[in-house]
Amino acid sequence: MNLRGIVAVSGRPGLFKLIGQNKAGYVLEGLDEQKLKIVANLANTKLASLEDITVYGEEEEIKLSDVLEAISKTKTAVPDAKADGTTLRKFFLEVAPGHDQEKVYASDMKKILAWYNQLKDLPLFTEKVEETTEASKAEEKSEIKAKAETKAKAPKAKPANAKAPTTKASAPAKKANMTSKKGV
């Protein structure tokens, strides 16, 4: 499941796809039928990438993508996002058995189910994510660091019309001699 570029915006219902960025903020397009385009100002709105969202777990946090995959693979009927808390809790015990029952509220479960209902018909829901291992990430970082170090060590060429650096002594400024000669 590929959730890259899908964000939730604080204060707005639904999910949005990140299209681009301009001076005012991020340009987003709604995933619903209206395809509403908005500009989210970074000063007063918060964006949460679905790729980075996790659910509180008893031992370790559970990625949202794992929960959504478990919901899609479940054999039981997916409850409505407006179902009561006990129904949602029973369902979440099945799809996310390690979630922390004290920290994950019914409102969180309703939001996740609403997101699932909005995402399940989109092609990105069945799209595979490009897996990058920690080792490959570390290699990329070390390559970037090595390039930066070699750039820093390389002597910089001086332009042909560059002036030689001037060194000025910190001597006191000379006073102008303002003697006037009469009769001249």
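The values are calculated or read from the model by the stated rules, or taken from the named source; none is laboratory data. All values reported here derive from a predicted model rather than from experimental measurement. For neighbour counting, all protein chains shown are included, and Cβ atoms are generated from backbone atoms with ideal geometry for every residue, glycine included. All accessible areas refer to the heavy atoms of the entire protein, side chains included, with ligands and DNA or RNA removed. Shrake-Rupley method; radii C 1.70, N 1.55, O 1.52, S 1.80 Å.
Miscellaneous remarks
- Here the label points at residue 37 and residue 58, each 7 Å from Cα along the C-beta direction, are separated by 4.9 nm in the simple model.
- Cross-link check: pairs 37/110; 73/120; 90/111 evaluated at a Cα-Cα cut-off of 18 Å; pairs beyond the cut-off: 37/110.
- Using the empirical formula 2.2 N^0.38 Å as the baseline, the Cα radius of gyration of region 1-97 reaches a ratio of 1.26.
- Restricting region 1-109 to GluC sites (Glu not before Pro) in coil, as DSSP defines it, with at most 11 other Cβ within 10 Å: 33, 59, 60, 102
- Carbon + sulfur, % of accessible area of region 1-112 - ligands and nucleic acids excluded, 1.4 Å: 48 percent
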